[in-house]
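Here is the structure we will look at.
The values are calculated or read from the model by the stated rules, or taken from the named source; none is laboratory data. Model, not experiment: these values are computed from the prediction. Glycine also receives a Cβ, built like all others from the backbone with ideal geometry; neighbour counts cover every protein chain displayed.
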Amino acid sequence: MSTGWIVLGVIVIIVLFAFAAYNRLVALSQRVGQAFADIDVQLKQRHDLIPNLVETVKGYAAHERQTFENVTAARAAAVSPGTGPAEQAVQENMLTSALRQLLAVAEAYPDLKANQNFLELQSQLAQTEDRIAAGRRFYNANVRAFNTKVESFPPNVIARLFNFSKQEYFEAEDPTVRAAPEVRF
């Protein structure tokens, strides 16, 4: 009789563990999804700022047509939905590169650099970029926690059983973003 209770107790513990592991995986998966949605909101705000920035610069540097076309094309690619965080990151990196070109053009025009609209747009863009970077860090931390749970034993048994798979990180692939800044005195 007592052996039956021990077996039953072990089965109950295993079932409770399975429920807890499954619920933890679901919670982590939801946090990853929410974190990516937060990044998406910031990216949309960034995408909405870009046409205003381009129009402001166009008024001062009309002959920089190729730069404007590059920014517009990169924004269009970034706005279109990607298949996942990795593809979205690639599109955003292209947009960041095009924006750098646009801001480099702006450096050549002192009147533009003094324009209040341009300065405000540039400030909003910088703040948005900071929020995107923070969102990216938050998302990647959640992905790391989820992936760790999916790969560690014994939760990986439950993960395989219910088709939880590793998530992609949202990474900056742009070498200029990854490079250490050059300091000169």
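Structure notes:
- Residue check for residue 54: surrounded by 13 or more Cβ atoms within 10 Å (Cβ to Cβ) and assigned to a helix (DSSP H, G or I): yes
- Sub-8 Å Cβ pairs linking a first residue in region 85-107 that is free of Cβ contacts under 8 Å to residues at least 24 places away in the same chain to a second residue that is part of a helix (DSSP H, G or I), at least 6 apart or interchain, are 91/74; 91/77; 91/78; 94/74; 94/77; 94/78; 103/122; 107/113, ordered by first then second residue.
- Restricting attention to region 141-150, the residues being basic (Lys, Arg) and either surrounded by fewer than 16 Cβ atoms within 10 Å (Cβ to Cβ) or outside any helix (DSSP H, G or I) (or both) number 1.
- Residues in region 14-58 that are of a type in the set (Val, Ile, Thr), under 19 Å from residue 164 (Cα atoms) and over 26 Å from the mean Cα position of the chain (by Cα): 15 only.
- Counting the residues of region 109-162 that are closer than 30 Å to residue 15 by Cβ and among the small types (Gly, Ala, Ser) gives 3.
- One residue stands out among those in region 105-132 that are surrounded by fewer than 16 Cβ atoms within 10 Å (Cβ to Cβ), out of contact with any Lys or Arg (no Cβ under 8 Å at 6 or more places or on another chain) and at pLDDT below 80: the one that is nearest to residue 47 (Cα to Cα), which is 117.
- Taking the listed residues 70, 93, the one that is surrounded by 15 or more Cβ atoms within 10 Å (Cβ to Cβ) and under 19 Å from residue 139 (Cα atoms) is 93, with no other qualifying.
- Yes/no for residue 163 being modelled with pLDDT of 80 or more, at positive phi and either surrounded by fewer than 19 Cβ atoms within 10 Å (Cβ to Cβ) or of a type in the set (A, V, I, L, M) (or both): yes
- Qualifying residue in region 36-44 (condition: among the acidic types (Asp, Glu) and in contact with a Gly (Cβ under 6 Å, 6 or more places away or on another chain)): yes
- Residue match in region 76-88 (condition: farther than 27 Å from residue 115 by Cα, among the hydroxyl-bearing types (Ser, Thr, Tyr), within 26 Å of the chain's Cα centre (by Cα) and surrounded by fewer than 18 Cβ atoms within 10 Å (Cβ to Cβ)): yes
- Filter result for residue 19 (surrounded by 14 or more Cβ atoms within 10 Å (Cβ to Cβ), of a type in the set (Phe, Trp, Tyr) and over 17 Å from residue 148 (Cα atoms)): no
- Just one of the listed residues (153, 170, 138) is among the hydrophobic types (A, V, I, L, M, F, W, C), outside any helix (DSSP H, G or I) and closer than 22 Å to residue 34 by Cβ, namely 170.
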